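One structure is given here, and the rest of the page talks about it.
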Amino acid sequence: MAIRLRIGTRKSVMALAQTEEIARRLIAAAPDIDVEIVKFETTGDSDQVGKLLPHGGKGGAFVAEIRRAVLKGELHAAMHSLKDMPGNEDTPGLVIGATLKRDPAEDVLVLRKGVSIDDLRRANGKGFKIGTNAVRRAAYARRLFPGAEVIHYRGAADTRIRKLDGLEMQRLPDGNTVGPADALIMARSGLDRVGLSERIAYEFPTAEMLPAAGQGIVAVECAGADWQTRQALSLIDEAAARHSADAEREVLWVLNGHCNSPIAAYSHIEGQQMSLSASVLDLDGGIFIEASRSGPADRPRELGRAVGFDLLARGAAAVIERSRPV
């Protein structure tokens, strides 16, 4: 008997590419599954100017509306980029039913025509404008290119690059404009998904710029009590990605980070061992608190908890509290 699954997603090019990948994997694993993709225009998609904080951060802007549809039974599942899912809170009634094999997690630099990475480095960023909306990327940009002006830059991956190439000014929530940008910091996985990998001018090693927790992992969320959907999603769950997701999100849980917290976490699995590095960054004061540990790959939450407590012991709570919205 055929199983019909309605999967909700944002309607951006990247989100649709990720959801279509889920559909392909489900159908390959069980040909009797019929997948319907349901498109949502979330608050974060319709408001391309404002900061995400007033919408509840990425969780409120990109995740909440689709989650409500799953809880109401209008959808069987929802596609999320794991890095957009709040890690310091649970949503009662929902579980992550599958995590796809991790795409490259690194951040990359995209440059407008006429600018090179050597230009940025020689000038320490002075005279250049670097666009990003992520507080984590902004903190790293200020560390790597201390003379640069980091500007607020929103939009889907393809939209941001179009604005960069067109030397467009970026509208700000207060009605002013900033720009044009000379460079953008973006996720490599997103550019790969929308077919713009050729625009990557430089890939930041994770030792230079730690990714966001869960970056590069596609998660499929469903109702905890919907056992038929959970069984179907288990067919495409990738164990290594699941372990990495659990370790990195445990760091967020321990730190009780909020949507404005510049927290980074990245794990790597070799054989039966997992290494995990995480950092808490002070956007204004240039404080970088970092911690790393290794442990058994099949005990990811314990490793994430240990790294989180290491960060707290080094003063991470005070940094996070200073960045908390008032």
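The values are calculated or read from the model by the stated rules, or taken from the named source; none is laboratory data. Quantities reported herein were computed from a predicted structural model and do not represent experimental measurements. All Cβ positions, glycine included, derive from the backbone under ideal geometry; neighbour counts span all protein chains shown. Calculation scope for accessible area: heavy atoms of the full protein, side chains included, ligands and nucleic acids excluded. Shrake-Rupley method; radii C 1.70, N 1.55, O 1.52, S 1.80 Å.
Scanning the range 285-326 for residues that are among the aliphatic types (A, V, I, L, M), more than 14 Å from residue 250 (Cα to Cα) and open to solvent by 50 Å² or more (accessible area, probe 1.4 Å) yields 287, 313, 317, 318, 326.
Residue count for the range 244-284, restricted to those that are of a type in the set (A, V, I, L, M, F, W, C), surrounded by fewer than 24 Cβ atoms within 10 Å (Cβ to Cβ) and under 23 Å from residue 91 (Cβ atoms): 3. For the range 102-113, the condition of being free of Cβ contacts under 8 Å to residues at least 12 places away in the same chain and open to solvent by 10 Å² or more (accessible area, probe 1.4 Å) holds for none of the residues. Looking at (1) over 18 Å from the mean Cα position of the chain (by Cα); (2) free of Cβ contacts under 8 Å to residues at least 60 places away in the same chain, which one does residue 131 not meet, given that it meets all the others? Every condition holds for residue 131 apart from (1).
Of the residues screened, residue 241 is one that is outside any loop (DSSP other than H, G, I, E, B) and either open to solvent by less than 10 Å² (accessible area, probe 1.4 Å) or among the aromatic types (Phe, Trp, Tyr) (or both).
Within this structure, residue 218 fails the test of being open to solvent by 10 Å² or more (accessible area, probe 1.4 Å) and within 30 Å of residue 161 (Cα to Cα).
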